[in-house]
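**Q** One structure follows; several queries about it will come next.
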Amino acid sequence: MKAHSGGVRHDYNDTVIRPLVAERRRWPWFLLGFFLPLVTVSIILMNETDRPEILPSAFQPVEVTPEQSPLVTPSPDETLGNSEKLYYETPEKIGTNLALLVKNGESLDILFRRNNLSLSDLATMTQLRGIGEYLKIMMPGDVIQVTHRNGEILSLARELDEIRLLNIFRGSAGFETNIIRRELDSRKVGANGIIQTSLFEAGQVAGISDLVTMNMAGIFQWDIDFIQDVRIGDEFTVVHEELWREGVKIKDGEIIAAEFINQGNSYRAVRYKIDENSPADYFTPEGLNVRKAFIRAPVDFKRISSSFNLNRRHPILNRIRAHRGVDYAAPMGTPVKAAGDGKITFRGTRNGYGNTVILQHGNNITTLYGHMSRFAASRIGSRVEQGQVIGYVGQSGLATGPHLHYEYRLGGVHRNPRTVSLPPSDPIPTEYWKEFQAAAEPLWRQLDLYRGTRLTQLE
């Protein structure tokens with residue numbers, strides 16, 4: 001310890017002052033060491049944000065030009081709800097996929113404008129030879145699948161029917177096309193039903209669609225009046241096709257064999273094609289065509305308002321006047337069909353019949369159709385086929401309501417159209433009889449198998 005004037009000074013150089021100074025000198029270096037890494041990291045991150053993302057090589061985007069596009073070898077894409085696989089898309093790196101649903105009154109031009117797609121590409125595609133017509137007419141419910149890149153069309157697909165798919169794609173020399181055929185699997189199914197309330201209700205209970213029920217009624221329409229003659233307890237058995245693709249049912253196919261038991265009478269038919277030049281038709285076990293030369297009722301009617309009656313009192317004239325035909329009540333404008341093949345011999349206004357058509361058929365048979373509202377396009381002398389529309393239900397002439405007055409004359413003599421024996425169509429030719437029997441026999445057995453059973457799939 002050393003003495004100074006005015007006081008005493010303590011010497012802390014070694015024990016106190018040096019440590020304090022040293023401590024003060026370490027703080028700046030400590031702060032520098034702490035903040036410098038933070039600044040460095042921030043600078044690195046700021047630079048990284050301006051750089052493109054670097055992905056592993058397996059995930060690098062690959063620029064594919066239209067020439068490289070694998071559209072020529074299509075592959076199925078996603079389905080739309082329960083609908084079928086409709087289109088073939090480009091890889092996801094190439095473009096964007098759109099499903100364009102056509103609504104009533106819409107065209108592709110409207111859909112392209114709405115989705116900012118190239119109208120120039122559309123014009124080019126509609127000019128493609130043999131293909132463009134498929135793009136000009138759209139139906140409500142159609143789905144057009146489009147793959148595009150910034151509005152430029154890379155591919156377009158449209159389902160033409162259950163089998164054909166139109167595929168348009170951009171190739172190296174412009175748009176190229178192909179029509180892809182998609183095979184359908186045919187499955188045979190059978191069903192049996194007994195009528196408790198109505199034919200259609202029985203069909204639904206048996207598991208068949210209304211379309212199959214209607215087709216079955218169409219097969220036997222020459223022998224059974226399905227409006228007047230069907231009774232509770234009548235029974236039917238049907239074997240028909242179902243068309244499937246990739247595990248999805250597309251639609252019901254043709255009826256292969258059917259039986260209808262009406263009031264104890266059995267009617268059977270199988271579908272058979274005589275040769276390649278003849279259409280398939282339905283034949284009885286005896287080889288007779290179920291299709292008669294005449295339709296029993298030439299109009300889809302609601303009820304019979306007046307039957308064949310030679311002693312009927314006329315509802316307007318109020319006196320006994322023979323009713324030599326059958327009146328089929330039906331809504332105004334219901335199509336009237338030719339009962340059989342023939343020639344128009346009269347077309348105009350005829351006394352109390354109003355607007356009338358008379359057809360001349362073979363075997364000295366004529367048919368008359370009266371009270372129509374208007375005629376179809378056919379003229380006097382024109383040939384018409386069975387089922388062809390010749391006019392429309394009306395109330396012209398002496399009539400109390402809209403209906404068709406229908407007459408059947410044999411040799412100039414009126415016969416009851418509902419009970420007259422109708423001439424048959426041509427039977428199986430003799431030279432095809434054995435082939436028909438061989439083809440029909442397993443179908444008769446299938447009908448027997450399904451009688452009294454519910455819908456079952458055949459092997």
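**Q** With each pseudo-label sitting 7 Å past Cα toward Cβ, what's the Ile227-Ser278 distance in nm, one decimal?
**A** According to this spin-label approximation, the distance is 3.2 nm.
**Q** Then there's this: Out of Ser172, Ile274, Val248, whose Cα points farthest toward the positive end of the dipole of region 137-279 (charges: +1 Lys, Arg; -1 Asp, Glu; placed on Cβ)?
**A** It is Ser172.
**Q** A further question follows. With a/c under 1.5 counting as rounded, go ahead and sort region 303-415 into rounded, prolate or oblate using the C-alpha gyration tensor (a ≥ b ≥ c being the square roots of the eigenvalues; past the cut-off, prolate if a/b is larger than b/c, else oblate).
**A** Oblate is the answer for region 303-415, as a/c is 1.5 or above yet b/c matches or exceeds a/b.
**Q** Another question, if that's okay. List the trypsin sites (Lys or Arg not before Pro) within region 123-152 that fall in a DSSP loop (any state other than H, G, I, E or B) and whose Cβ has at most 14 other Cβ atoms within 10 Å. Each step should come with its number before you reach the end.
**A** On the way: sites: Arg129, Lys136, Arg149; in loops: Arg129.
Sparse-neighbourhood loop trypsin sites (Lys or Arg not before Pro): Arg129.
**Q** Pairs to check: Lys292/Lys343; Lys302/Lys337; Lys251/Lys434; Lys103/Lys136; Lys103/Lys302; Lys136/Lys337. Give those whose C-alpha atoms are more than 22 Å from each other in this structure.
**A** Result: Lys251/Lys434; Lys103/Lys302; Lys136/Lys337 exceed 22 Å.
**Q** Which distance in nm do the two modelled labels at Leu160 and Glu431 give, with both placed 7 Å along the Cα-to-Cβ direction?
**A** 3.5 nm
**Q** Quick one: length gained pulling Met214 to Glu133 fully straight, 0.36 nm per residue minus the C-alpha distance?
**A** Stretched fully, the Met214-Glu133 segment lengthens by 25.8 nm.
**Q** While we're looking at this one, here's another question. Asn363 label point, 7 Å along Cα→Cβ, cut-off 19 Å on backbone N: hits in region 209-229?
**A** 220-225
**Q** R0 = 56 Å: FRET efficiency of Ala322 with Glu106, Cβ-based, nearest 0.05?
**A** Details: r = 57 Å, r/R0 = 1.02.
Working from the Cβ atoms, E equals 0.50.
**Q** OK, next. Residues of region 159-173 with backbone nitrogen within less than 18 Å of a virtual label 7 Å along the Cα-to-Cβ line of Arg181, please, listed as ranges.
**A** Label zone hits: 159-167.
**Q** Let me ask you something else. Let's test the formula: R0 of 56 Å, r as the Cβ-Cβ distance of Ser307 and Glu441. What FRET efficiency results, to the nearest 0.05?
**A** 0.85
FYI, it's all coordinate maths here, none of it is from the lab. Keep in mind that this is a model prediction, so the values were computed, not measured. Cβ coordinates were reconstructed from backbone atoms using ideal geometry, including for glycine residues, and neighbour counts include every protein chain displayed.
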